[in-house]
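The values are calculated or read from the model by the stated rules, or taken from the named source; none is laboratory data. Note that the structure is predicted; figures quoted are calculated from it, not measured. Note: ideal-geometry Cβ built from the backbone for every residue, glycine included; neighbour counts use all protein chains shown.
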Amino acid sequence: HPVSITTKGALILRDADLIGRMARAGLASVTISLTTLDNRLSRALEPRAAAPAKRVAMIRALADQGVPVSANLAPVIPALTDHEIEVLVEAAAGAGASSAGMILLRLPLEVAPLFRDWLAREYPDRAARVMGRVRETHGGKDYDAAWGKRLRGEGPHASLIQRRFRLALRRNGLDRRRLTELRCDLFRVPPRTGDQLSLGL
């Protein structure tokens, strides 16, 4: 059965050999979430996730196993992490990623006040500027859920971020992230109900 995995956790490396076997049969791909290469920011923003260098190492280890790996720059936070777009793409490409994607910061519903509180606590000197840029990219609001806007944003600053990302991809020879075509023709229904062991490679 084909599988696509998206993660920011290093536990995936435990099964890198198995995922590699599946990938070589056209059955697996992996996306690694990259937010920042700044250790201090990473610890503050995602305290229980793998450190930046570890995530780059995850890309390398999986690519070395023959796994199609994509990096997902997410979330890109205006005025806080957007200056890292180029170095993140370069790091992913250098580690063996074949593609990359990008998602602008999304603050739906209850997430917005949590993020504002975090920002005021961790980066009080930048909080007003960051939220100003966030609202600028979402039509004056913390978040716009409209299809086609929620992941990319709108306005001059969002357009500049997207353009920089596209140029970084081109400079580093990466494709825009898309779903890897995985094989579905190898799947076989287990011969007996509940017989999971027959699904092994």
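Before moving on, here are some points about what is shown:
- Test result for THR6, in contact with a Ser or Thr (Cβ under 6 Å, 6 or more places away or on another chain) and not charged (D, E, K, R): yes
- Checking ARG116, ARG171, ARG164 one by one, the residue that is surrounded by 11 or more Cβ atoms within 10 Å (Cβ to Cβ), more than 30 Å from ILE59 (Cα to Cα), at pLDDT 95 or above and not hydrophobic (A, V, I, L, M, F, W, C) is ARG116 and no other.
- Residues that are of a type in the set (A, V, I, L, M) and under 26 Å from PRO47 (Cβ atoms) within the stretch 116-157 comprise LEU119, ALA120, ALA127, ALA128, VAL130, MET131, VAL134, LEU151, listed in sequence order.
- Residue selected from the stretch 81-108 under the condition in a loop (DSSP other than H, G, I, E, B) and surrounded by fewer than 24 Cβ atoms within 10 Å (Cβ to Cβ), by the criterion nearest to the chain's Cα centre (by Cα): LEU105
- Among all positions in the stretch 45-59, there is no residue which is in contact with a helix residue (DSSP H, G or I) (Cβ under 7 Å, 6 or more places away or on another chain), in a strand (DSSP E or B) and either within 24 Å of GLU181 (Cα to Cα) or β-branched (Val, Ile, Thr) (or both).
- Residues that are small (Gly, Ala, Ser) and out of contact with any Ser or Thr (no Cβ under 7 Å at 6 or more places or on another chain), drawn from the stretch 76-97: ALA79, ALA91, ALA92, ALA93, GLY94, ALA95, GLY96
- On inspection, ALA63 passes the criterion of being touching a residue at least 12 places away in the same chain (Cβ under 8 Å), in contact with a Gly (Cβ under 8 Å, 6 or more places away or on another chain) and small (Gly, Ala, Ser).
- Subset of the stretch 23-37 (residues that are surrounded by fewer than 22 Cβ atoms within 10 Å (Cβ to Cβ) and more than 16 Å from the chain's Cα centre (by Cα)): ARG24, ALA25, GLY26, LEU27
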